[in-house]
Amino acid sequence: MSDEAKADWRNQPERGSALGIRLTIWSARVCGRRVARFILAIVAFYFTLFATRARRASADYLRRIDQPHGFWDSYRHIRDFAHVALDRLYFVRDDLRPFHMTHTGNEHLIELSKTRRGALLLGAHVGSFEAMRALGQEERFPINILVYWKNARMISRFLEEAGSDFHAKVIEINPENPSYMFEVRDAIERGELVAVLGDRVAEGEKFVTVPFLGAPAKFPAGPYLLASVLKCPVYLTFGLYHRPRTYDLYCEPLAERVVLPRGRREQAVADYAKLYAQRLEVYCRKAPRNWFNFYEFWAEGEATGEAKSGDETSTQGQAASVRPGG
């Protein structure tokens, strides 16, 4: 594997900026969603043409999921990502008028809200997590989003620029100061939801290797270590996009409680990650161009990362190092 392929996805330079956010918001507000989508389609073509690494990653994924994977197929893949990113503007402002939404499994969140029971919402860089917030239109679910601290200011700026009354709280992850774990614990104890993404591994983060789309792939161990400490249920959540304006929203239980027995903790984490990867593959096949990990994802031949064994105190220390995707 090349040094470029091994580079941590977090070290890739951000292609967004505060100015880019403002321009996107301005074009959507002044010109409307249709015009903004047309502009983004041009931007996506330019990106596909010159961002060779992202284009190769798109083609690799499309090939693995048995889809056409030429230049124009990668372009459509990247264009859909740009359009989903644009729609975040509407979702964070709770403006669902441009969209057609379907709900599957929202009874799980309604029951959690009624019983005031906290839970982890485990998602992925597939479709739109912001679309999942539409489930809270009638029942306002208190959602805390756990994000890598370097990206949190960009997200907060986006919400501020959007003029949003977005009631989700951003919990910033600082690897140098694990005190954010207390915020997560307090949110769960209040009966709130904590959303985390489970499909990207940061440099130095513990991981397990499990089958995904026919080949070994690395998935972070952090969400399962975190859930085992919090002793709360875990639900999978996905908001799948279908052109031009439909989002199919899904919520399903992954585990009532994550249990990592002493002496076989690593295998137990791998079992949960394998189940997650299996369900993730199902949702990827439902909407193949909703996969938005534009870097080399598969790590064939890589050894399985080890989750340290030990007592609960040790597990809490591991959970404090979780770095879910931003």
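The values are calculated or read from the model by the stated rules, or taken from the named source; none is laboratory data. These numbers come from a predicted model, not from an experiment. For neighbour counting, all protein chains shown are included, and Cβ atoms are generated from backbone atoms with ideal geometry for every residue, glycine included.
Quick one: which of Ile110, Ile78 is within 26 Å of Val196 (Cα to Cα), out of contact with any helix residue (DSSP H, G or I) (no Cβ under 8 Å at 6 or more places or on another chain) and of a type outside the set (Gly, Ala, Ser)? Walk me through how you get there before you give the answer.
Working: Ile78 fails: out of contact with any helix residue (DSSP H, G or I) (no Cβ under 8 Å at 6 or more places or on another chain).
After ruling out the rest, the residue left standing is Ile110.
Sub-8 Å Cβ pairs linking a first residue in the stretch 261-279 that is closer than 21 Å to Trp291 by Cβ and in contact (Cβ under 8 Å) with a residue 60 or more places away in the chain to a second residue that is assigned to a helix (DSSP H, G or I) and of a type outside the set (Asp, Glu), at least 6 apart or interchain, are Ala273/Tyr224, ordered by first then second residue.
Just one of (1) modelled with pLDDT under 85; (2) in contact with a Gly (Cβ under 9 Å, 6 or more places away or on another chain); (3) farther than 27 Å from Arg289 by Cα; (4) polar (S, T, N, Q) fails for Ser164. It is (2). Criterion first (surrounded by 15 or more Cβ atoms within 10 Å (Cβ to Cβ), in a helix (DSSP H, G or I) and modelled with pLDDT of 95 or more) does Tyr272 satisfy it? Yes: the conditions hold for Tyr272. Only residues that are part of a helix (DSSP H, G or I), touching a residue at least 40 places away in the same chain (Cβ under 8 Å) and either basic (Lys, Arg) or surrounded by fewer than 18 Cβ atoms within 10 Å (Cβ to Cβ) (or both) were counted in the stretch 61-78, giving 2.
The one condition from (1) more than 25 Å from Arg140 (Cα to Cα); (2) under 16 Å from the mean Cα position of the chain (by Cα); (3) not hydroxyl-bearing (Ser, Thr, Tyr) that Glu172 does not meet is (1). Scanning the stretch 74-98 for residues that are within 18 Å of Ala287 (Cα to Cα) and hydroxyl-bearing (Ser, Thr, Tyr) yields Ser74, Tyr75.
Regarding Leu89, is this residue in contact (Cβ under 8 Å) with a residue 24 or more places away in the chain, part of a helix (DSSP H, G or I), touching a helix residue (DSSP H, G or I) at 6+ places or on another chain (Cβ under 9 Å) and closer than 20 Å to Leu240 by Cβ? Working first, answer last.
Values: in contact (Cβ under 8 Å) with a residue 24 or more places away in the chain: yes; part of a helix (DSSP H, G or I): yes; touching a helix residue (DSSP H, G or I) at 6+ places or on another chain (Cβ under 9 Å): yes; closer than 20 Å to Leu240 by Cβ: yes.
The answer is yes for Leu89.
Residue count for the stretch 189-228 under the criterion of being crowded, with 20+ Cβ neighbours inside 10 Å and assigned to a helix (DSSP H, G or I): the result is 7.
Is at least one residue of the stretch 236-259 at pLDDT 95 or above, buried (at least 20 other Cβ atoms within 10 Å of the Cβ) and closer than 18 Å to Ala202 by Cβ? No, the stretch 236-259 has no match at all. Condition check: in contact with a Lys or Arg (Cβ under 7 Å, 6 or more places away or on another chain) and closer than 25 Å to Leu146 by Cβ. Does Leu86 satisfy that? So Leu86 passes the test.
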